[in-house]
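The values are calculated or read from the model by the stated rules, or taken from the named source; none is laboratory data. Source: prediction; values computed, not measured. Neighbour counts are summed over all protein chains in view; Cβ atoms, including those assigned to glycine, are modelled from backbone coordinates with ideal geometry. In case anyone asks, the SASA skips ligands and DNA or RNA and just uses the protein heavy atoms, side chains included. Shrake-Rupley method; radii C 1.70, N 1.55, O 1.52, S 1.80 Å.
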Amino acid sequence: SMIIPKDELYQHIQNKQKEGFPDYTIYPAGDREIYTSIIYLEPFSGRNLRAFGYDMFSEPVRRKAMELSRDNNLAVLSGKVLLVQESSEDVQTGVLMYVPVYKKGMTINTIEQRRAAILGWVYSPYRMNDLMTGILGKRSGIGLNRIHLQIFNDIISDSSLLYQSCNDNLHTNYAPSRTFSIPVEFNGKKWVLLFSQFNSE
């Protein structure tokens with residue numbers, strides 16, 4: 001995701017269109033001092049094309065993570081978002097990880113120097129269901145008498161739920177017999193992992 005100053009916006013769009021993308025623009029539209037644009041995507045096909053030209057800096061949750069990453073020269077996870085790659089089917093909660101990219105040869109010892117040197121970010125989007133299914137595999141079963149996992153962003157609440165290994169009906173129809181929560185922190189970002197066991201008796 002590349003930074004484009006306001007006074008370079010028009011030329012940037014013209015250059016990308018001349019590269020073979022006649023419909024390219026930066027979105028959402030609006031008058032801002034700084035724009036960012038997703039310009040490199042792999043694979044460059046399918047749902048990923050929805051992200052081409054998206055200004056992640058225009059959205060508060062993404063912007064907060066990008067600023068923390070830039071100022072601290074760290075990999076930083078965003079809060080809960082709906083990824084722009086999502087369609088109307090199989091919609092999943094998402095998060096993004098950002099790593100800052102600074103201009104070559106510039107000093108980045110202080111926050112002010114890092115802000116002056118920032119070129120953009122390498123980032124990775126994560127669809128939480130896909131991510132956790134890949135990690136847990138068959139251990140994410142939905143039957144009773146199994147250990148179920150919920151992951152929350154910062155605090156345990158319905159609005160902060162990122163992932164759950166069981167369906168909603170299980171939590172609605174049964175009270176857990178045991179619960180255990182673990183906070184997990186990564187470069188200042190906290191998730192809460194809540195493990196529950198539901199018994200049929």
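Here is a list: 96, 83, 149. Which entry is of a type outside the set (D, E, K, R) and farther than 25 Å from residue 49 by Cα?
Only one candidate passes the filter, namely 149.
If I go through the range 83-115 residue by residue, how many of them are over 17 Å from residue 1 (Cβ atoms) and assigned to a loop (DSSP other than H, G, I, E, B)?
Let us first name the residues in the range 83-115 that are over 17 Å from residue 1 (Cβ atoms), namely 86-93, 104-113.
Still in the list and also assigned to a loop (DSSP other than H, G, I, E, B): 86-93, 104-110.
The qualifying residues number 15.
Can you pull out every residue in the range 2-24 that is open to solvent by less than 70 Å² (accessible area, probe 1.4 Å) and assigned to a helix (DSSP H, G or I)?
Within the range 2-24, 9, 12, 13, 14, 15, 16, 17 qualify.
Do we have any residue at all in the range 47-69 that's over 19 Å from residue 154 (Cβ atoms), part of a helix (DSSP H, G or I), under 14 Å from the mean Cα position of the chain (by Cα) and among the aliphatic types (A, V, I, L, M)?
Yes, the range 47-69 contains a residue that is over 19 Å from residue 154 (Cβ atoms), part of a helix (DSSP H, G or I), under 14 Å from the mean Cα position of the chain (by Cα) and among the aliphatic types (A, V, I, L, M).
Taking the condition of being surrounded by 16 or more Cβ atoms within 10 Å (Cβ to Cβ) and over 19 Å from residue 162 (Cα atoms), how many residues in the range 74-100 meet it?
Residues flagged as surrounded by 16 or more Cβ atoms within 10 Å (Cβ to Cβ) and over 19 Å from residue 162 (Cα atoms) within the range 74-100 amount to 2.
Give me the residue from the range 34-69 that is closer than 19 Å to residue 10 by Cα and of a type in the set (Gly, Ala, Ser) and, out of that set, surrounded by the fewest Cβ atoms within 10 Å (Cβ to Cβ).
The residue in question is 58.
Go through the range 173-187 and give me each residue that's at pLDDT below 85 and part of a loop (DSSP other than H, G, I, E, B).
174, 175, 176, 177
Restricting to the range 103-139, what's the tally of residues that are among the basic types (Lys, Arg), open to solvent by 80 Å² or more (accessible area, probe 1.4 Å) and at pLDDT below 95?
Looking only at that region, the number is 2.
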